[in-house]
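Computed from the coordinates by the stated procedures, all read-outs in this text should not be read as laboratory data. Remember, it's a predicted structure, so these values are computed and weren't measured experimentally. Ideal geometry is used to build each Cβ from the backbone, glycine not excepted, and the neighbour counts take in all protein chains shown.
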Amino acid sequence: MRALARRFDSWFYAPMPRERLALLRLGIGAYALIYLLGRASHLNAVVDYPASSFAPLGLVRLIQEPLAKHWVYGLFAATLVTGALFTSGLFYRVTAPVFALLLLWVMTYRHAWGMIFHTDNLLVLHVLLLAFSPAADAHVYPRSRGPAPGPEDGRHGWAVRALCLVTVASYVVAGVAKLTHTGWAWAAGGALREQVAYDAIRKIELGSLHSPFGPWLLPHEWLFTPLSAFSLATELLAPIALLGVRLATVWCVAAWLFHVGVLALMAIAFPYPLSGCAFLPFFPVERWLSVAVQRFKGPRRAAGGPVGP
Amino acid sequence: MRCTEGARRLLAYGIGLGATAVVLSPLLSGAADSFPLSTYPMFARPRGQPILYALVATARDGSERRVPAALVASGEVLQTKVLIQRSVENGPLAMQALCEATAAKVAAMAGGDTPSFVDVVRRRYDPIGYFTTGPTPIEQERLFRCPVPGVFTPGSKAPR
C-alpha cells in the first residue's frame, strides 16, 4: 500500500519545468480572453432577458434578483482586464484568483437563465486550478518582472497533473451519465440518433441554422451504432490519457474527433476542446516551444544571422 | 510567510485531488446539473417524442413563418428555447409579455408582407419521422396569440 502511495506521489508531484505550467497559463489564459471577446454579445445579452426567467445556480445563488445592467457590463470588463493580467502573469497572486472568480461568475451568470450549456465547464475549472498554482514562475510579460529561472520542481508538476485529472474526470462523468440514464443500450445508437434529429428540429422550429449533415445521416440507422460506441468509449476510457504521452495522444485525438463529430452532426461547438487548448496539459508544451523556436532561428542563422557561442 | 515543503505538498494534494473529487461528486451525490459542476446530461437520454414550444408569425390567411431566435430573445437558439418554455410555464401574463415584445420586433423587421399575429405554439414531434416522412407535428396547440402592431387584424383583441 505504501509503495502504491509512493508511486502515486512520484506521478502526482513529479518535478516538471516551470515553463510548462507557465505556457499552460499563457495558452489557456489567451484562449479564455479570446473566447470572452468573441462571445461578448452573448454573455452580455442576459441584460435583456426577462427577470422571470432568472434561475440562479452555483455561485450566482448568492443573489436572488438579476443584476442591474451596469453591474453585468462592469463585471465583464473587469474579467477582461484581470484576464489580460492573468495571461501575462503580472501580479499573479492577486490577479489570478480574482480573474478565476470573475470568470466563474460571468460564465455562471450566463447559465442562470434556465439553459445550462456544457461548453465552458472545463475552461472555468482549468482557470481556477491555474489561479491557485505557481503558474507565473516563468514567461511573465514584460520579462523584467518575472522571477529568476530555477530547476524542475514538483511544485509545478502537481498543477499540470491536476489539470489532466479534472479533464479526465469530466469526460468520465459524461460517460457514466449515459450509462445511468440509458444503460449500455446507449452504445446501440438509438439515443444518439434521436438526439441528432431532436437537435435539428428545435433549431429549425426556432428559425435557426442546423447541421444539414445530421439529418442526412438519419436514414442510415446502422451508422449510429459505431458512432455511439466510439463516443461512449472515448468518455469512459478517458483515464488512459493519464498513462503516458502516447496514450494521451491517442485519447486526445479520439476526444477531439468526438467533438468534431458533435459539431458536424448537431452544429454544437465545444470550442475549448476543439481548439486543442483543453488537451495541452497532457503534453510537454515547453519542448514544442523550444523546437519551434529552434526551427524559427535555424533558417535565419543559415541566412547569415548572428551565431551564438 | 514561507511554506515548508510538507505543507506545500499537502496543499497541492488538497487542491488537485479535491478538485478532481468535486468534479466526480455528481456521480455519487445525485445532485442536479449545475455550473461548473455538471452531470453532463445533454446527450444521455433517449428523446422519445419531445414537445417544443415556439413562436410563429401567422398571416391572416393562416400561413405561418418561423420567428428567428434572435427576434424572440437572443441569437443563442437553445437559450431562446428555454426562455419560451419558461414563459409558457409561468402562465398567460408571461406569455403575453413575450408574445407582445416579439410582435413589436416582427413589426419593425417585416417589410411589405407583415404577418398579422404572433402565436405561441406547443408541438409534439416524432424526431426521426420529421426527417424521414415529413415535418408535420404529431399534435399541436396554440397557447397564446397577440396581434402584430400596426397591422389591421379584425378580432385581434382576443388573446386565444
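Under 5 Å between amide hydrogens, built in the peptide plane, is the criterion, and for B:VAL118 it picks out B:THR58, B:CYS146, B:VAL148 among residues at least 5 positions away or on other chains.
Other residues lying with their Cβ under 13 Å from the Cβ of B:VAL88 contribute a combined charge of +2, Lys and Arg counting +1, Asp and Glu -1. Among the residues of B:5-16, the average count of other protein chain beta-carbon atoms within 10 Å of the residue beta-carbon is 5.
Counts of other chain beta carbons within 10 angstrom of each beta carbon in peptide A:208-217 average 2. For the stretch A:7-15, 3J(HN,Hα) computed residue by residue from phi via the Karplus equation (6.51, -1.76, 1.60; θ = phi - 60°) reads 5, 5, 4, 5, 7, 5, 9, 5, x Hz, glycine and proline entered as x. Counting only other chain Cβ atoms within 10 Å of each residue's Cβ, the peptide B:49-58 averages 3. Of all lysines in the structure, the ones whose alpha carbon falls short of 28 Å from that of A:LYS69, not counting any fewer than 8 places away in one chain, are B:LYS81, B:LYS105.
Taking B:ASP113, B:ASP61, B:ASP33 as the candidate residues, the one with maximal mean-square fluctuation in a Gaussian network model of chain B, Cα springs under 10 Å, is B:ASP33.
A quarter of the convex hull surface defined by the alpha-carbon atoms of the stretch A:124-180 gives 4.9 nm² as the mean projection. If you run the Gaussian network model on chain A, springs between alpha carbon atoms under 10 Å, then out of A:GLY83, A:GLY244, A:GLY175 the most flexible one is A:GLY244.
As a ratio to 2.2 N^0.38 Å, the alpha-carbon radius of gyration for the stretch A:56-146 is 1.18.
In order along the stretch A:158-164, phi translates into HN-Hα couplings of 4, 5, 5, 4, 5, 4, 5 Hz, rounded to whole numbers, per the Karplus curve 6.51 cos²θ - 1.76 cosθ + 1.60 with θ = phi - 60° and x for Gly and Pro.
Once the Cα atoms are used to define both axes, helix B:77-89 deviates from the longest principal axis of chain B by about 70 degrees. More than 16 Å apart: what percent of Cα pairs in the stretch A:185-306 qualify? Summing the P(r) of the stretch A:185-306 above 16 Å gives 70 percent of all pairs. The 3J(HN,Hα) values that the Karplus relation (6.51, -1.76, 1.60; θ = phi - 60°) gives for the stretch A:273-283 are, in residue order, x, 4, 6, x, 4, 4, 9, 4, x, 7, 10 Hz. Gly and Pro appear as x. For chain B, the Cys residues with no second cysteine's beta carbon closer than 4.7 Å are B:CYS3. Relative contact order, whole percent, for chain A stands at 21, derived from Cα pairs under 8 Å and 6 or more residues apart.
A simple spin-label model places pseudo-atoms 7 Å from Cα toward Cβ; at B:ILE51 and A:ILE34 they are separated by 4.3 nm. Per-residue Cβ neighbour counts within 10 Å put B:CYS146, A:CYS252 in the sequence A:CYS252, B:CYS146, beginning with the fewest. By other beta-carbon atoms within 10 Å, ranking B:CYS99, A:CYS277, B:CYS3 with the fewest at the front produces B:CYS3, A:CYS277, B:CYS99. Converting the Cα gyration tensor eigenvalues of the stretch A:173-255 into ellipsoid dimensions via √(5λ) gives semi-axes, longest first, of 27, 15, 12 Å. All Cα-Cα separations within the stretch A:14-111 were binned at 10 Å from zero, giving a P(r) of 15, 43, 27, 11, 3, 0, each value a whole percent of the pairs. Ranked by how many other Cβ atoms sit within 10 Å of their own Cβ, fewest first, the residues A:LYS203, A:LYS178 fall in the order A:LYS203, A:LYS178.
Spatial offset of the stretch B:2-76 relative to the stretch A:74-89 amounts to 24 Å, using the alpha carbon center of each.
Helix A:190-205 and the longest principal axis of the Cα set of chain A meet at an angle near 80°. For chain A, the longest principal axis of the alpha carbon atoms and the long axis of helix A:245-266 meet at an angle near 40°. Working from Cα pairs under 8 Å separated by at least six residues, relative contact order for the stretch A:65-215 is 16 percent. With chain A treated as a Gaussian network of Cα nodes joined by springs under 10 Å, which of A:LEU217, A:LEU232, A:LEU128 yields the largest mean-square fluctuation? Per the Cα network of chain A with a 10 Å cutoff, A:LEU217 tops the list. Working from Cα pairs under 8 Å separated by at least six residues, relative contact order for the stretch B:10-97 is 13 percent. Scaled to the globular estimate 2.2 N^0.38 Å, the Cα spread of the stretch A:183-223, given as radius of gyration, is 1.24. Its Cα gyration tensor gives the protein assembly as shown an equivalent ellipsoid; the semi-axes, largest first and in whole Å, are 46, 26, 22. Over all pairs of different C-alpha atoms in the stretch B:1-146, the reciprocal of the mean inverse distance, the Kirkwood hydrodynamic radius, equals 19.0 Å.
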